[in-house]
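None of the figures in this text is laboratory data; all of them are computed from the coordinates on show. Treat the numbers as computed from the prediction; the structure is a model and nothing was measured. So basically every Cβ, Gly included, is an ideal-geometry build from the backbone, and we count neighbours across all protein chains shown.
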Amino acid sequence: MIKKVALKIWTVLLIASTLSTIQFIVLWQGYNMPFVYSMVDSLATNLVFTVLTIGLWLNVRITELTKNPMEIIIHHLTGVTLVVLIWIYVSRFAIRSFFGDDAFLMAFLSQSVAVRVAIGILLYVFFTILFYLLVNMERLAKRKEEEANLRQMVRESELQALKNQINPHFLFNSLNSLYSLSMTNNEKAGEMILNLSEFMRYSLKNEGIQFVTFENEWMHIKRYLDIEKIRFGNNLHYEEVIDDLAYDQVVPSMLLQPLLENAIKHGMYSLDHGVSIDFIAKLYPVYLQIKLCNTYDPEFQNKRGTGTGLKNVKQRLEKIYHRTDLCTVSSNENRFCVEIIIPRNEKI
Amino acid sequence: MKKYKVLIVDDEAPAREVIKKFITVRSDLELVGECENGFECLKFLSSEQVDLLFLDIQMPKLNGFEVVELMVEKPSIIFVTAFDQYAIKAFEVNAVDYVLKPFSKDRFFAAVDKAIQNFQTEKSPVHSHQRLAESYSDQMDQIDRIVVRQGNKIEVVQVDQIRYLQAESDYVMIVCEKGKFLKNKTMRYFEDHLPQTEFIRIHRSFIVNMTFVKNIEKYTKDTYLAILTSGEKLNVSQEGYKRIRKKIV
């Protein structure tokens, strides 16, 4: 910030000294005015103008705020008039105080007013354009920096999402089941390979996509269940009750998978003989209700790593539908349920 | 030719199938049983001779580390996991042998040969195993449950149910709703691994769960007594009192 201000001040001082030198030469050599007078005149007038450039700068900043071209024109007309008037009078006052009421010098001042006004207007225009340029350069640089930051953030989140999609536990365990199947039942192994690849494809495809049909989500969940069933055999039992009309409903993509992962994790690993999962989808006039329940044993609950999956689902629903009441959890001593409400035909 | 008796412990049938297939290739291995979870495993070990144990880590109810903690017998163990960075770290720190699922026949045989070698040189695997569960917990912020064994009975104690812990020579006695249990660990271990927001070391002999403390009374000039909601009274040392004050503030 300080650097920028310093830069501006140096630019103005540089230009002012250049102009001052030029003016001095013109007065001394061109108009044959006395040496001292030429010095004082050029220094004083340019010093005053330098101070006035602050006003020019402010004017430029103020006009940034309006979009109305008329307002901008009026601002600048007022600006140029004021600046030139002040400039002429203050410089005249400064020179007068220095030299006193010398008739010859005063006559010269009066005669040169027209030229000074013209130069004043030119300087005003020049500096105003210069300042507008500076302001725009600043803005451009800032925008480039913001864009670079944003691109970095998007890359990072894409990478993280990809890492999350390829759930290593699930992947290695599935590959192990596949390995086993390949030794005992080639046909089933083939089926599982297809299931697994479809599963991964859906996970990766829906990265940027927000919404899918409920049918797509359910197929994905079913694939997950069928893959896990190979691992767990009869220890994984599931049943689904889905309204025929529910399949066409639009739901957020990849919303249900984390809930299913939780259900299996908490149910399977706390019970003796495996988990029983119920999946229900009911269509109501204004919303689609999805309920996922699993049996579990609270005594053998492993609380480690709990909560994040559910929290993410809640956050996502809140972000999309701007409501906090769409996800509810209920449980008793042996059953845990998560219920999700998806509003129908929402304009997103 | 000596046949080594092998027990497979894994909750997934396909995973067990792989090991079973590999075992049939070797004439020096004899499969004596399969178990689906830690309880079945402990029960089996107490009734049958087992030389070599293939133990999965992620299992229902008790995980592999907890099974090792509760084990009385001392078979050779090869640990199995699909993907658990914490488990793998614990294995490496304690130099115990493990295989990653899925594993090849060659990998499997290499692990078996190593275990047999250790067997023959009578290298005791038990000491490294004892530290395993600790190495695993070390990587987590805190433990949330403790498994204890009383004879053949196994209890899982949720940490938030513990009222207090008391030092008992080489052991620590855990006092909770379910009863009193001895655990082969140090007070220091619990001080480091129990949630520090609730558990405070109030005395050389006592760690208390503040949620069960009703109030604290002055006892002697420098010591206090912690009165629990259950009526029990525990000594609070000068140091311990300072710790309580710090926590409350």
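Values as computed for the structure displayed
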| read-out | value |
| --- | --- |
| Estimated inter-spin distance, residue A:243 and residue A:318, nm [label 7 Å along Cα→Cβ] | 2.7 nm |
| Isotropic mean projected area of the C-alpha convex hull, the range A:42-136 (nm²) | 6.2 nm² |
| Gyration tensor (Cα) of the range B:135-249, equivalent ellipsoid semi-axes in angstrom | 24, 16, 13 |
| Sorted peptide list for A:43-54, B:52-63, A:326-337, criterion being average Cβ within 10 angstrom, highest first | B:52-63, A:43-54, A:326-337 |
| Ascending count of other beta-carbon atoms within 10 Å, so fewest first, for A:71, B:134 | A:71, B:134 |
| Using a Förster distance of 60 Å, the FRET efficiency for residue B:245-residue A:222 (Cβ separation, nearest 0.05) | 0.55 |
| Cysteines, chain A, no other Cys beta-carbon under 4.7 Å | A:327 |
| Net charge of Cβ neighbours under 9 Å - reference residue B:239; Lys, Arg +1; Asp, Glu -1 | +4 |
| For residue A:188, net neighbour charge (Lys/Arg +1, Asp/Glu -1) across residues whose Cβ lies under 13 Å away | -2 |
| Computed label-point distance, nm, for sites residue B:238 and residue A:186 using a 7 Å Cα→Cβ extension | 8.1 nm |
| Residues B:69, A:158, sorted so that the one with the fewest Cβ neighbours within 10 Å comes first | A:158, B:69 |
| Cα gyration tensor, the range B:1-144 - rounded (a/c under 1.5), prolate or oblate | rounded |
| The range A:271-348: C-alpha gyration tensor shape, a/c 1.5 cut-off, then a/b vs b/c | oblate |
| Flagged links, alpha-carbon separation over 27 Å, of A:319/B:89; A:188/B:21; A:265/A:291; A:291/B:89; A:291/B:178 | A:319/B:89; A:291/B:89; A:291/B:178 |
| Principal axis box of chain B, alpha-carbon based, largest edge first, Å | 73, 33, 32 |
| Global form of the protein assembly as shown, assessed from the alpha-carbon gyration tensor, a/c cut-off 1.5 | prolate |
| Of the DSSP H helices in chain A, those whose Cα atoms cover at least 20 Å axially and whose Kyte score averages -1.0 or more | A:2-25, A:35-65, A:69-99, A:113-165, A:168-184, A:186-205, A:214-232 |
| Proximal charge balance of residue B:34 [Cβ under 14 Å; K/R count +1, D/E count -1] | -4 |
| Rounded tilt (10° steps) of B:13-25 against the dominant C-alpha axis of chain B | 50 degrees |
| Rg in Å to one decimal, and Dmax rounded to a whole Å, for chain A via C-alpha atoms | 38.7, 118 |
| Trypsin sites (Lys or Arg not before Pro) restricted to the range B:77-173 and DSSP loop, no more than 15 other C-beta within 10 Å | B:123, B:131 |
| At 0.890 mPa s and 25 °C, Stokes D of the range A:204-269 from Kirkwood alpha-carbon radius, µm² per second | 190 µm²/s |
| Helical mean residue ellipticity (222 nm; -39500 (n - 2.57) per DSSP H run of 4+; nearest 500) of chain B | -10000 deg cm²/dmol |
| For residues of B:51-59, the mean tally of beta carbons on other chains within 10 Å | 1 |
| Helix-only CD estimate at 222 nm, as mean residue ellipticity for chain A, using -39500 (n - 2.57) per DSSP H run (n ≥ 4) | -23000 deg cm²/dmol |
| Other protein chain Cβ atoms within 10 Å, averaged over every residue that makes up B:147-158 | 1 |
| Percentage, to the nearest whole number, of Cα pairs in the range A:191-345 over 27 Å apart | 21 percent |
